[in-house]
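The values are calculated or read from the model by the stated rules, or taken from the named source; none is laboratory data. Everything numeric in this text was worked out from a predicted model, so none of it was measured. Cβ placement follows ideal geometry from the backbone for every residue including glycine, while neighbour counts extend to all protein chains displayed. Note: accessible area is taken over every heavy atom of the protein model, side chains too, but ligands, DNA and RNA are not part of it. Shrake-Rupley method; radii C 1.70, N 1.55, O 1.52, S 1.80 Å.
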Amino acid sequence: MQQFDAIWINANIATMTDNGTAYGSIENDALAVKDGVIVFVGSKADLPPFDALATPLYDAQGQWLLPGFIDCHTHLVYAGNRANEFEMRLNGASYQDIAAAGGGIKATVAATRAASHADLFVLAKDRLNTLLAQGVTTVEIKSGYGLDLASEQKILEVAAELDKHHPASVQKTFLGAHALPAEFNNDADGYIEAVCQMLPQLHALGLVDAVDVFCEGIGFSLEQTRKVFTAATALGLPVKAHAEQLSNLGGSALVAQFGGLSADHIEFLDEAGVAAMAKAGSVAVLLPGAFYFLRETQLPPIALLRQYGVPMAVATDLNPGTSPLCSLPLMLNMACTLFRLTPEEALLGVTRHAATALGLSDRGTLAVGQRADFACYAISRPAELCYQFGVNSLKQLIINGKEVSYRR
């Protein structure tokens with residue numbers, strides 16, 4: 001007799017696998033878990049015999065099961081906010097005016113450096129709780145608001161503590177090369193050297209799962225990015241980049257050259273960059289929240305990404321300056337309305353393709369052998385999750401095979 005920890009029956013299941021149906025759907029079927037892993041997906045009639053008295057049985061009553069959502073690009077650990085700058089801009093202040101007044105990323109770096117480990121943990125946990133209540137079960141958290149060793153370590157330690165104590169799973173990305181700190185004013189090369197020295201120390205503490213660089217005219221050059229990527233690769237760490245957001249420096253092609261996980265933003269990505277990403281298997285991470293908040297007009301090359309078969313992920317880019325939007329469901333809607341993704345593409349972007357963007361092969365789909373992270377929604381079809389915003393249809397959330405409380 002088969003042993004299961006729990007079984008769901010009468011469920012419509014959007015497996016998000018490539019089984020030839022929209023959303024990888026199988027309807028009116030069953031799903032069983034054991035030891036945090038999915039061990040059966042299919043017809044209830046095909047379930048092997050099990051102890052009905054000892055096994056919790058959930059009747060989904062025709063509701064939909066989907067993989068737990070994955071937010072594969074966030075800057076979730078930071079202190080302070082920049083609502084004052086938002087107000088200043090709408091009252092006519094320029095970015096130069098705001099920077100001269102100590103605003104911009106400098107303000108967030110100052111607030112984050114000054115915040116205690118405990119204060120950052122409380123702030124970040126509240127944001128992570130918000131995402132959890134939306135069905136998000138895995139989150140990437142980047143550093144990058146410390147810009148010195150002690151502060152970058154503090155941010156990554158908070159991310160590690162969240163991974164240890166919060167139901168959601170956290171992936172930690174070192175983004176020391178996010179901006180130029182005041183201590184290295186006019187010495188970007190010197191700061192990149194410092195970043196490359198920070199990296200092995202943070203990696204030795206088990207605080208780095210991947211390495212990111214802001215490769216942009218207002219960030220770091222292609223050669224500076226290459227230097228950080230080389231240091232990361234020497235440690236066996238995967239790389240990714242904020243690339244082609246404001247111009248085309250070739251950062252996405254560089255990610256591909258290093259076999260990197262993803263290039264993120266990519267509004268100005270050209271066909272050569274798309275082709276390079278396709279060949280390398282790198283993911284294009286779309287960030288419609290930043291596009292919306294900054295009122296950008298250059299759309300990512302969606303048609304080219306489709307043509308070359310580059311997987312497209314969708315994420316919040318949650319941060320205090322350019323995407324203070326803690327809502328993955330809103331990103332689903334924006335990905336469809338602003339970028340014209342289909343609902344299936346958008347949902348793949350927060351499940352299967354988001355997992356690939358983080359280098360995770362054990363989640364993002366509902367299939368035998370996958371981690372049992374999934375959610376039950378009271379919807380008539382998966383497209384509702386992209387179509388309607390502001391009404392939370394989440395009814396049950398399972399992480400690692402166990403039901404978790406997600407109510408705020």
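Of note:
- Number of positions in the stretch 387-408 that are among the basic types (Lys, Arg) and either part of a loop (DSSP other than H, G, I, E, B) or modelled with pLDDT under 95 (or both): 2
- Scan of the stretch 38-82 for residues that are touching a residue at least 60 places away in the same chain (Cβ under 8 Å) and surrounded by fewer than 16 Cβ atoms within 10 Å (Cβ to Cβ), ordered by number: ASN81
- In summary, SER94 fulfils each of the numbered conditions (1) touching a Phe, Trp or Tyr at 6+ places or on another chain (Cβ under 6 Å); (2) open to solvent by less than 60 Å² (accessible area, probe 1.4 Å); (3) polar (S, T, N, Q) with the single exception of condition (1).
- Checking each residue of the stretch 2-16 against the condition of being among the aromatic types (Phe, Trp, Tyr), touching a Lys or Arg at 6+ places or on another chain (Cβ under 7 Å) and over 30 Å from PHE293 (Cβ atoms) gives at least one match.
- Residue identified as closer than 21 Å to LYS142 by Cβ and not polar (S, T, N, Q) among ALA284, ALA303, ALA278: ALA284
- Residues that are closer than 23 Å to ALA110 by Cβ and open to solvent by 10 Å² or more (accessible area, probe 1.4 Å) do not occur anywhere in the stretch 220-241.
- All told, ALA263 meets the bar of being touching a Gly at 6+ places or on another chain (Cβ under 7 Å) and within 30 Å of LEU149 (Cβ to Cβ).
- Check on THR297, hydroxyl-bearing (Ser, Thr, Tyr), assigned to a loop (DSSP other than H, G, I, E, B), modelled with pLDDT of 95 or more and crowded, with 22+ Cβ neighbours inside 10 Å: no
- Lone unmet requirement of (1) open to solvent by 30 Å² or more (accessible area, probe 1.4 Å); (2) farther than 22 Å from SER25 by Cβ; (3) in contact with a Gly (Cβ under 7 Å, 6 or more places away or on another chain) for ARG352: (2)
- Scanning the stretch 355-372 for residues that are open to solvent by 30 Å² or more (accessible area, probe 1.4 Å) and among the β-branched types (Val, Ile, Thr) yields THR356, VAL368.
- For ASN12: the one exception among (1) open to solvent by 40 Å² or more (accessible area, probe 1.4 Å); (2) at pLDDT 95 or above; (3) polar (S, T, N, Q): (1)
- Residue pairs meeting the criteria (Cβ under 9 Å; at least 6 apart or on separate chains; first free of Cβ contacts under 8 Å to residues at least 40 places away in the same chain, in the stretch 344-359; second of a type in the set (Val, Ile, Thr)): GLU345/ILE302; GLU345/VAL314
- Number of positions in the stretch 317-334 that are in contact with a His (Cβ under 7 Å, 6 or more places away or on another chain), assigned to a loop (DSSP other than H, G, I, E, B) and either open to solvent by 30 Å² or more (accessible area, probe 1.4 Å) or not hydrophobic (A, V, I, L, M, F, W, C) (or both): 1
- Being within 14 Å of the chain's Cα centre (by Cα) and in contact (Cβ under 8 Å) with a residue 24 or more places away in the chain is a condition met by no residue of the stretch 369-386.
- Answer residue from the stretch 103-146, given it is among the acidic types (Asp, Glu) and in contact (Cβ under 8 Å) with a residue 12 or more places away in the chain and is most open to solvent (accessible area, probe 1.4 Å) among those: ASP119
- Residues in the stretch 181-201 that are aliphatic (A, V, I, L, M) and either at positive phi or crowded, with 21+ Cβ neighbours inside 10 Å (or both): ILE192, VAL195, MET198, LEU199.
- Within the stretch 152-167, the presence of at least one residue that is touching a residue at least 60 places away in the same chain (Cβ under 8 Å), outside any strand (DSSP E or B) and open to solvent by 20 Å² or more (accessible area, probe 1.4 Å) is confirmed.
- Qualifying position, being at positive phi and under 18 Å from the mean Cα position of the chain (by Cα), among GLY102, GLY80, GLY135, GLY62: GLY135
- For the stretch 242-282, a tally of residues being polar (S, T, N, Q) and surrounded by 21 or more Cβ atoms within 10 Å (Cβ to Cβ) returns 4.
- Elements of the type helices (runs of 4 or more DSSP H) sitting completely within the stretch 49-136 and holding at least 2 residues that are of a type in the set (D, E, K, R) and at pLDDT below 95: these cover 83-90.
- Of all residues in the stretch 373-386, exactly one satisfies the criterion of being part of a loop (DSSP other than H, G, I, E, B) and surrounded by 24 or more Cβ atoms within 10 Å (Cβ to Cβ), namely ASP373.
- Some residue of the stretch 338-345 being surrounded by fewer than 16 Cβ atoms within 10 Å (Cβ to Cβ) and either in a loop (DSSP other than H, G, I, E, B) or aromatic (Phe, Trp, Tyr) (or both): yes
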